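Notes for the one structure printed next.
Readers should treat all values here as calculations from the given coordinates under stated rules, not as data from a laboratory. Keep in mind the model is a prediction, meaning the values are calculated, not measured.
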Amino acid sequence: MARIARLKLLLDEMFPPLFASALGERGHDAVAVVSRSDLVGSDAALLALATREQRILVTENARDLVPIAATLTERGQEHAGIILVNARRFPRTADGVTLFVAAFERLAVAHPRGVAGLIVWLRAASPPP
């Protein structure tokens, strides 16, 4: 059986605390931005804070965060990783939470050493034939 890495995650403001709790129940260290009053600021500041805390930033905001990460890379700086999520594939519903957690379990197996410096799209399981 494949080893499941325990991920340290920071879930951007679009994710309710329920998503972080569900990941926590599976052994991941997940924090929702909306649960911490100290996490207010720009996307660049949020990515910097996630990196300082060695947390992977989980977001739907590819438009803003991909260029920020590219700028860091150009400057020779690294981030702890960014996981991009498609809201249509992972709705903020009870079923969406289940799909979200399952996708993170697969990602943790695929990346046992984490995703530092990478930008990765979270993939839903393929539907059965």
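Expected output is a single nm value to one decimal: the length gained when fully extending between Arg52 and Arg26, i.e. 0.36 nm times separation in residues minus the C-alpha distance. What is it? Please list the in-between numbers first.
On the way: separation 26, 0.36 × 26 = 9.36 nm, distance 2.36 nm.
Stretched out fully, the Arg52 to Arg26 stretch lengthens by 7.0 nm.
Helix-derived [θ] at 222 nm for the chain: sum -39500 (n - 2.57) over DSSP H runs of at least 4, divide by residue count, nearest 500? Walk me through the numbers on the way to the answer.
Working: 4 runs with 49 residues, N = 129.
Theoretical 222 nm ellipticity from helices: -12000 deg cm²/dmol.
Would you kindly calculate the mean projected area, averaged across all directions, of the convex hull enclosing the Cα atoms of the chain, in square nanometres?
Mean projected area for the chain: 8.3 nm², to one decimal.
Restricted to Cα positions, what overall size does the range 1-55 have along the principal axes? Three whole-Å values, descending.
41, 22, 14
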